[in-house]
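Here the structure is laid out as structure tokens; the discussion comes afterwards.
The values are calculated or read from the model by the stated rules, or taken from the named source; none is laboratory data. If you're wondering where the values come from, they're calculated on a predicted model, not measured in any experiment. Cβ placement follows ideal geometry from the backbone for every residue including glycine, while neighbour counts extend to all protein chains displayed. Areas reflect the complete protein model, heavy atoms only, side chains present, ligands, DNA and RNA absent. Shrake-Rupley method; radii C 1.70, N 1.55, O 1.52, S 1.80 Å.
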Amino acid sequence: MTSATQLHRLPGFNVANHLEKRKLLIAINSIAGLSIFFFGYDQGMMGGVNNAKHYIDLMGFGYVNPETQEPVITDSLLQGGIVSVYYLGTLFGCLLGGWVGDKVGRIKTIAFGSLWAIVGASLQLSAQNANWMICSRAVNGIGTGILNAIVPVWATETAEHTSRGQFIAIEFTLNIFGVVVAYWLEFGLSFIDGGSSAFRWRFPIAFQIIPLLMLLAAVWFFPESPRWLAKVDRDDEALFVLQRLRGTDATGLARAQAEYHDIRNVVALEREEANMNSYWRMFTGVGSGDLHVGRRVQLVIWLQIVQEWVGIAGVTVYAPTIFRIAGFSTEKSQWISGLNNVFYMFATLVCVFTLDRIGRRWTLYWGAVGQGVAMFLAGAFSRLGQDARNAGDMSKASSYGAAAASFVFIFTSVFGATWLTVPWLYPAEIFPLQIRARGNALGVFGWSIGNGWLTLLCPVMFNAIGEKTLYIFGACNILAIPVVWALYPETNQRTLEEIDLLFSAPTPWTWDAEATFARMKQERSDLIDAARHAQGVDIVKDEAGLNNENVEGAKSSSDV
């Protein structure tokens, strides 16, 4: 290991040479926010595209009623397939992004994902038939998957443990801002040429290229993750970036030095597992010993799947359909959907102030309760509204429809304040440094499965059982509460280097995880010493007061 004391600035122009501490963190999260904005925009975009007459006619899955101007879907499987194939792309893209991210670094992978997504967006906007659109959506999904696998990791690895949740929550405010921009842009375009021109759906697809170009151009001027730099033995750069992130005053330098040594220690103890880092070994947990990587993989995959099944995938893409079921006209449904997403965006700010205060688990608890109640009531009032309309009582139908819409608003607001952020933050927190990008990628893998599965089934379910679809979402929220309580330990206010201890318990139950963590912390006042003990890494102090690593050949049967 180098002395890591000689580097005074990064080569070329880099914002880390000019900004430090919170200003640098804000700059990093702003550029990461471009990716998250694109992600939200890309998801929200299809809600309006699916209602464009030219698009419906060109893709051949239905027609627009000339009298009511409401879309009539004759092939819901094709409609859902075009939307959901995007998530098949993200499924493969996230695995590619995680692998590339651990190999070449976070910055190059973000640029790679941006370029791939630009190509996919260009293919989509020029689509001439359903097969073309399906292929284009898959290509675009790969680019999104790459970005989703690596951007949260980059943001998490640069943030301090006391504010990780806050910064990720701010980024997801930009995510929902992307959804808002998509909805209102498409709502405005629906008035051009009576909403029948190709411009109504081609321009919104082209618009997503703008943030991608900005991201591709700007990311090269931002610092690499100090943890990845330490992992590949670029120690001078790692320490310099940490010093800029924590501050160049005496206190900041001391904190950076301590954090740097903790990272180096973890690199040493995890390096013995470098030959066990394939996706298959991670998924099965083969050879990970007390690291229990397989357990962590299952947790993040299922957390992302559950996130979609609490109802957000249906509401985001098919909100206009839900509002039409509640009795609103097509135009009013679009308008209400856009307003709903404005509330959604502002609700994400709640998470900014609460996530690092009450923790990940309590955030998921109160979110599931609020979302479940809202879904059941939205479904019930939708049914009452339809019955009143069929009976000819339009006054009651209007009142029940408004009530249903209100509970959809409440659902999305509660989701934005709770379940939106945690399933994206948790995977970026809980994996060992050596496989953090790939671990986060497997979280995106779960998101892709949940989203793809649900967006494929949503049009079928809405056509078959109507508002009862919302009851299914409500039930999933209630079931999520005991699952989180029993299986998902709290990561709030714990450093990334502490997490291995949290998952070292022999059982998956949270009470065992907490008991094991508390015992190991009590036995060893120095957390990293406790982690090293199980791995056989001995750290001693030299005369200069710096840590030197002497790795004593860990046994695969007793990995941390």
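The packing ranking, built from the mean of other Cβ atoms within 10 Å per residue, places the peptides 356-364, 373-381 in the order 373-381, 356-364, highest first.
Given an 8 Å cut-off on Cα distances and at least 6 residues of separation, report the relative contact order of the chain as a percent. Display every interim value, and only then the final one.
Numbers: 1049 pairs, mean separation 118.8, N = 560.
Relative contact order, the chain: 21 percent.
The stretch 180-210 and the stretch 474-488 have Cα centres lying 38 Å from one another. Probing with 1.4 Å while keeping every protein chain in the model, the per residue accessible area of the chain equals 36 Å². Straight-distance candidates among the lysines for linking to LYS521, with alpha-carbon spacing under 27 Å and chain neighbours fewer than 8 residues away dropped: LYS231, LYS541, LYS555.
Here is the size of the stretch 1-109 from its Cα atoms: Rg then Dmax, 22.7, 76 Å. In terms of its Cα atoms, the stretch 352-393 spans 51, 15, 7 Å along the principal axes, sorted from long to short.
In order along the stretch 83-93, phi translates into HN-Hα couplings of 5, 6, 5, 4, 6, 5, x, 5, 4, 6, x Hz, rounded to whole numbers, per the Karplus curve 6.51 cos²θ - 1.76 cosθ + 1.60 with θ = phi - 60° and x for Gly and Pro.
Taking a ≥ b ≥ c as the square roots of the eigenvalues of the Cα gyration tensor of the stretch 425-497, is the shape rounded (a/c under 1.5), prolate (a/b larger than b/c) or oblate? Oblate, since a/c reaches 1.5 and b/c is not below a/b. Between the Cα long axis of helix 21-49 and the first principal axis of the chain there is an angle of about 30°, rounded to the nearest 10. Computed packing ranks the peptides 505-512, 214-221 as 214-221, 505-512, most packed first, by mean other Cβ atoms within 10 Å.
Express as a percent, rounded to the nearest 5, the fraction of DSSP beta bridges in the chain (both residues included) that run antiparallel. Around 100 percent antiparallel, to the nearest 5.
If you stretched the chain out fully between SER406 and GLN522, how much longer would it get, using 0.36 nm times the residue separation minus the C-alpha to C-alpha distance?
Working: separation 116, 0.36 × 116 = 41.76 nm, distance 4.97 nm.
Value of the extension gain: 36.8 nm.
Helices in the chain, meaning DSSP H runs of at least 4 residues, each add -39500 (n - 2.57). Divided by all residues, the mean residue ellipticity at 222 nm is -24500 deg cm²/dmol. What FRET efficiency, computed as 1/(1 + (r/R0)^6) with R0 = 51 Å and r the Cβ-Cβ distance, is obtained for GLN493 and ASN65, rounded to the nearest 0.05? It comes out at approximately 0.40. Compared with the dominant principal axis of the Cα atoms in the chain, helix 235-246 is inclined by about 60°. Output the 0 to 90 degree angle, nearest 10, between the alpha-carbon long axis of helix 250-271 and the longest principal axis computed from the alpha carbons of the chain. Long axis of 250-271 versus the principal axis of the chain: about 90 degrees. Averaging the sequence gap over all C-alpha pairs within less than 8 Å and six or more residues apart, then dividing by the number of residues, gives the stretch 108-180 a relative contact order of 31 percent.
What's the long-distance tail for the stretch 375-520, i.e. % of Cα pairs beyond 27 Å? It works out to 42 percent of all Cα pairs. By accessible area, using a 1.4 Å probe on protein heavy atoms only, the chain has 64% of its surface on carbon and sulfur.
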